[in-house]
Amino acid sequence: MTNHWVDIKNTDLVLIMGGNAAEAHPCGFKWVTEAKAHRKARLIVVDPRFTRSAAVSDYYAPIRAGTDIAFLGGVINYLLSNDKIHHEYVKTYTDFSFLVKDEFAFNDGLYSGYNPEKRSYDKSTWGYQVGADGYVVTDPTLQNPRCVYQMMKAHYARYTPDVVSSICGTPKEAFLKVCEMIAGTATPNKTMTIMYALGWTQHSQGSQNIRTGAMVQLLLGNIGVAGGGMNALRGHSNIQGLTDLGLLSNLLPGYMSLPNDAEQDYKAYVEKRASKPLRPGQLSYWQNYNKFFVSNMKAWWGDAATAENNWCYDWLPKLDKGYDLLQVFENMNQGKVNGYICQGFNPLASAPCKVKVSGSLAKLKYLVIIDPLATETSEFWQNHGEYNDVDPAKIQTEVFRLPSTCFAEEDGSLVSSSRVLQWHWKAAEPPGDAKGDQEIMAGIFLRLRDLYKKGGGAFPDPILNLTWKHRQPESPSPEELAREFSGKALKDVTDPKDPAKVLVKAGEQLNGFAELRDDGSTSCGCWIFSGAWSEKGNLMARRDNSDPYGIGQTLNWAFAWPANRRVLYNRASCDPSGKPYDPTRKLIAWDAASGKWGGADIPDFKPDSPPEDGMNPFIMNPEGVARFFAVGLMAEGPFPEHYEPMESPLANNPMHPKNEMARANPAARVFKEDWASFGKPDQFPYVGTTYRLTEHFHFWTKHARLNAIIQPEQFVEIGEDLAKEKGIKDGDHVRVRSKRGFIVAVAVVTKRVRTLDVEGRKVHTVGMPIHWGFMGLTKNGYITNTLTPFVGDANTQTPEFKAFLVNIEKV
Amino acid sequence: MQVTRRQFFKICAAGVGSSSLVALGFAPGEALAEVRAFKLARTTETRNTCPYCSVGCGLLIYSLGDKAKNAPGEIMHIEGDPDHPVNRGTLCPKGAGLLDFVHSPGRLKQPEYRAPGSKEWTPISWDDAFTRIAKLMKDDRDKNFIAKNDKGETVNRWVSTGMLAASASSNETGYLTQKIARSLGMLAFDNQARV
């Protein structure tokens, strides 16, 4: 979230699209209710189903799954052609006036540089025009046809209300009503928040769904303000934290990234990431990359990381390609993976195309499960009848199942969707012989280290030198680890302006990332968490919920990253002169008397930079402004374009009916053999989509008695028209089939799932909650991901669980 | 004043504390009955965070047991923390069932091992499990570690063993896991943020 849960109470309009907060995040959704009750805020829900959020909305618009970019592209067109934009904001704080390279082009659904064999782009033309001074060329009059404003206007002019309605199946008047409500927040005294979740991410164009939403918010000046923002409602209690800590194939802590093979030179690696400002007077905060990187290497390898060995740069693994979950299962399926460790992760249930995942696991030599619960993955080799019909004798995988603690049996911190790190305390011992995750990881690692110490082996240096200064080496404590990622001074850290002044003494915890150095004098395992545990103590454990400014900031409750800031980009809530656009919702302002920014939040800005210096609010971008034109950062193009889901009920993309290459996302990665696993509408005519219920959490709560009682049996939802066509009655058992397999479940016939008019014909949707499996206390059921396609978003490789093709029949 | 046992319970049920009854002279002539103390009065209150979605609701966990050596704590109630700025004491249907997650019959209690081709689990000690896993990992790493690629570039990666980390584990676990995985040269490494 750019903003945070409580801040939703400050909004005038809530758009829930690609999520269902009332169902999946009920206690956070209460702040929508609060805004409705006390600010007269209104709620719009756009969703393929009439969800629980829709049930309490002021306006609901249906949409076909997988067409969000068409819808939002239409909103952009509406805002631009009706001049419902925040003029000063877009002109000053975005790249509206930036000129795009002349070679950049867009032809019938494809951007310049496309390579159909590789299904990827040469992005060299996707950039701004740069002048001799090294800065981007701009046209403040916005008249130049190559300026981002004009190009964007032309790009989205194609998304007329009629086109949107025909692609999305949203009635035209409903679409226009939503546009009109959204446009009402273009004024400085009105704002909108967008709340989204997996309904936007789990598409082959998921990242672009989110980008299009962010573009709408930027046009309206709704980023950086109280009650505004782009708010990702994340799904697991610490999915934000594990992302922040970089536990993804290509990441290091704090959104630093691992080098690729070609990056043999450490200095070039840093320079590429430490971007110099692209406009005069901009901060471009990533210029400090080396400070974050060196401090990270010092945290991991201590004295072994020196200036001479480039702080152990070569000890980090380099990427020849991404090793995301889909790629790894593909490799496993090809017999290239021998071992796999699942720590609190149940891929048999949560990865797409169960038959492929199950077959891949069976090719492993060893599988290690670390979990508090008996997961489906841990028993992938066991015959569970129709729900997991395998022959154990044929599966040669060695499996270890190690019992771990749950939340109630450990101390530690979790990062909420609000980016707040909250400490929690142990209440009881775990059952039986279960151990904490840290003890389990240490148990494996210390034995490995011993083996390398005694017998040598492949490149042992990073293992032997990994810092391990724990009072109980076999059980590193949460306090020690939290202090390590928060960071400390290894030598005295002095003030750059006055070297005689010591800011932090050697051995002391740092106050924040501003104190990090690139000379090896500081150590910090995750720069964005820096200051979470300072000399003041564990700030994550703070429990002062007072709200002196009355807008819900609670700065003394726990610790938010970065720097305890609660609303990102908050400098953009003020006009260029430093005055809040809406004084009734003031987050920060420039105080000329003290020469500082301040207010209800920690300024997301250089705290002493006066407005007249012209530094812009988006300090992490080298431009200093927000980008409508994504330059080369997205796989499928700088402006989001509508593509059909990989499996679509339409034969072509209505935006580019004659270009087969632009039917689905041209940059989506598809493994060779998986092309044959995609279904066509003649055999699988209905749109399948998966989702969650308020009574269950993924595949865990089926192990909890209360939840198993209130939602005991697998079902699917279909509309009345489809039910009639297929002769299915409420309560009948149905078989839902995709090209990849089938599930059997009870049919719920409901008005909540409606038939849509798309491109002149009827399109039906089959909705499927995901929560069942063959372990736990609920009635056994089929794993819903039996049905889903093995393809992901072109940028993140997040699987396309929200839009695919199925057929349905009465059993 | 004499109060029958039945009347006494009636008065208490009306919500009047027994101590004020005594002060007003309402004490029964003899100890006919003792009001049951609130169960929570004998418990330990521990602050925690809901492990499900990332609204990050504050929890109060109540456990029995005085922490004496032979009196292990037993969690008997979980509710929303009213001081928490986001959930203000509330929990959703998922969070309301947390006690049943903690005490689920599906909780694993001892390390188990499934041999190749076997139809069943057999118990294994922690030490044996760790030792065997470390051996398997080292054998695979030593055999398949890639120090240099075809072009002779230093790449130091190990991609024949992978790991999925848990996005419900703490930052401290996540940090330790990240550090260990990269020290081994692992790249086939993700968490639920990927799906």
Checklist entry - Shielding of A:484-495 by partners, i.e. mean partner chain Cβ atoms within 10 Å per residue? => result 1
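What relative contact order, as a whole-number percentage, does region B:145-194 give when Cα pairs under 8 Å and 6 or more residues apart are counted? List each step's numbers first, then the result.
Working: 57 pairs, mean separation 20.2, N = 50.
Once normalised by length, the contact order is 40 percent.
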Checklist outcome for this item: From the Cα centre of region A:100-123 to that of region A:674-695, the distance in Å is 30 Å
Item to check | Distance in nm between pseudo-label sites at A:Phe106 and A:Asn556 (7 Å out along the Cβ direction from Cα) | outcome: 5.1 nm
Checklist entry - Between A:Tyr691 and residues 5 or more places away or on another chain, which pairs have amide H atoms under 5 Å apart, with H built 1.01 Å from N, and which residues are they? => result A:Met768, A:Ile770
Item to check | Debye log10 I(q)/I(0) for region A:267-398, one point scatterer per Cα, at q = 0.09 Å⁻¹ | outcome: -0.48
Checklist outcome for this item: In nanometres, the difference between 0.36 nm per residue of separation and the alpha-carbon distance of A:Asn659 and A:Asp433 is 75.3 nm
Item to check | Options A:Gly339, B:Cys53, A:Gln208, ranked by Cα towards positive dipole end of the protein assembly as shown, top entry (Cβ charges) | outcome: B:Cys53
Next on the checklist: I'd like the FRET efficiency for A:His384 and B:Arg42, computed as 1/(1 + (r/R0)^6) with the beta carbon distance as r and R0 of 56 Å, rounded to 0.05.
Outcome noted: 0.85
Checklist entry - Which residue, chosen from A:Ala35, A:Asn511, A:Leu568, occupies the Cα position most advanced towards the positive end of the dipole of chain A, where the dipole is computed from +1 (Lys, Arg) and -1 (Asp, Glu) charges on Cβ about the Cα centre? => result A:Ala35
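Sorting A:Glu673, A:Glu376 on the 10 Å Cβ count, fewest up front, what's the list? Please list the in-between numbers first.
Working: A:Glu673 12, A:Glu376 24.
With the sparsest Cβ surroundings first, the list reads A:Glu673, A:Glu376.
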Checklist entry - Label-point separation (nm) for A:Met620 and A:Asn189, each offset 7 Å from Cα along Cα-to-Cβ? => result 3.3 nm
Checklist outcome for this item: Using alpha carbon centers only, region A:28-53 is separated from region A:450-474 by a whole-angstrom value of 53 Å
Checklist entry - With the contact rule set at Cα under 8 Å and sequence spacing of 6 or more, what percent relative contact order holds for chain A? => result 16 percent
Next on the checklist: Using a Förster radius of 41 Å, what is the FRET efficiency between A:Lys267 and A:Ala651 based on their Cβ-Cβ separation? Nearest 0.05, please.
Outcome noted: 0.20
Item to check | Mean separation of Cα contacts under 8 Å (6+ apart) over length of region A:660-810, as relative contact order % | outcome: 35 percent
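Within a 10 angstrom radius of each residue's Cβ in A:409-420, how many Cβ atoms of other chains show up on average? Whole number is fine. Walk me through the numbers before you get to the answer.
Details: counts 4, 5, 4, 7, 6, 13, 5, 8, 5, 5, 2, 4.
Across A:409-420, the average partner-chain Cβ count within 10 Å equals 6.
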Checklist outcome for this item: The size of the Cβ-based charge dipole (Lys, Arg +1; Asp, Glu -1) of region B:45-168 about the Cα centre, to the nearest 20 debye, is 460 debye
Next on the checklist: How big is the dipole moment of chain A about its Cα centre under a simple scheme where the beta carbon of each Lys and Arg is +1, that of each Asp and Glu is -1, and everything else is neutral? Debye, nearest 20, please.
Outcome noted: 940 debye
Item to check | ³J(HN,Hα), Karplus 6.51/-1.76/1.60, whole Hz, each residue of region A:312-328, x for Gly, Pro | outcome: 6, 3, 6, 7, 6, x, 9, 8, 8, 6, x, 10, 5, 3, 5, 4, 5
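Going by how many other Cβ atoms sit within 10 Å of their own, how do A:Asp371, B:Asp128, A:Asp461 line up, fewest first? Don't jump to the answer; show the numbers that get you there.
On the way: A:Asp371 25, B:Asp128 13, A:Asp461 16.
The most exposed by this proxy come first: B:Asp128, A:Asp461, A:Asp371.
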Checklist entry - In whole Å, what is the distance between the alpha-carbon centres of region B:85-126 and region B:33-56? => result 20 Å
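Based on alpha-carbon positions alone, could you give the equivalent ellipsoid semi-axes of the protein assembly as shown from the gyration tensor, as √(5λ), descending, whole Å?
Numbers: eigenvalues 324, 255, 241 Å².
Its equivalent ellipsoid spans semi-axes of 40, 36, 35 Å.
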Checklist entry - What is the magnitude of the charge dipole of region A:660-810 about its Cα centre, with +1 placed on the Cβ of each Lys and Arg, -1 on the Cβ of each Asp and Glu, and no other charges, expressed in debye to the nearest 20? => result 200 debye
Checklist entry - In nm, to one decimal, how far is the modelled label at A:Asp519 from the one at A:Asp461, with both set 7 Å along Cα→Cβ? => result 2.5 nm
Item to check | Spin-label proximity, B:Lys148 to region A:238-265 - amide N less than 18 Å from point 7 Å beyond Cα toward beta carbon | outcome: A:261-265
Checklist entry - How large is Rg/Rh for region A:660-810, to two decimals, with Cα atoms and a Kirkwood Rh? => result 0.99
Checklist entry - Of A:Gly552, B:Gly73, A:Leu805, whose Cα points farthest to the positive end of the dipole of the protein assembly as shown (charges on the beta-carbon: +1 Lys, Arg; -1 Asp, Glu; origin at the Cα centre)? => result B:Gly73
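Treat the count of other C-beta atoms within 10 Å as a stand-in for reagent exposure and order B:Glu79, A:Glu713, A:Glu623 from fewest to most.
On the way: B:Glu79 17, A:Glu713 12, A:Glu623 22.
So the ranking, lowest neighbour count to highest, is A:Glu713, B:Glu79, A:Glu623.
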Checklist entry - Just the Cα atoms of region A:29-90, one point each, no solvent: what log10 I(q)/I(0) does Debye give at q = 0.20, 0.21, 0.29 Å⁻¹? => result -0.94, -0.96, -1.05
Next on the checklist: Give me the extension gain from A:Asp58 to A:Asp591: residue separation times 0.36 nm, minus the current Cα-Cα distance, reported in nm with one decimal.
Outcome noted: 187.9 nm
Checklist outcome for this item: Looking only at lysines whose Cα falls under 19 Å of A:Lys9's and that sit 8 or more positions away or on another chain, we get A:Lys30, A:Lys36, A:Lys40, A:Lys190, A:Lys586
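How about region B:111-195: which GluC sites (Glu not before Pro) there are in a DSSP loop, with at most 10 other Cβ atoms within 10 Å of their Cβ? Spell out each step's value before the answer.
Numbers: sites: B:Glu112, B:Glu120, B:Glu153, B:Glu172; in loops: B:Glu120, B:Glu153.
Taking region B:111-195 and a limit of 10 other Cβ atoms within 10 Å, the loop GluC sites (Glu not before Pro) found are B:Glu120.
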Checklist entry - In nm, what is the difference between 0.36 nm times the number of residues separating A:Lys336 and A:Ser477 and their Cα-Cα distance? => result 47.2 nm
Next on the checklist: In whole Hz and in residue order, list the ³J(HN,Hα) couplings for region A:680-690 that follow from phi through the Karplus curve 6.51 cos²θ - 1.76 cosθ + 1.60, θ = phi - 60°; x for Gly and Pro.
Outcome noted: 10, x, 5, 8, 10, x, 10, 7, x, 8, 10
Next on the checklist: Going by amide H atoms built from the backbone, whose H comes under 5 Å of the H on A:Ser413, apart from near neighbours?
Outcome noted: A:His424, B:Asn171, B:Glu172
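Values quoted throughout were computed directly from the atomic coordinates according to the rules given, and no laboratory measurement underlies them. Values in this document were obtained by computation on a predicted structure and should not be read as measured data. All Cβ positions, even for glycine, are placed from backbone atoms using ideal geometry, and neighbour counts span all protein chains on display.
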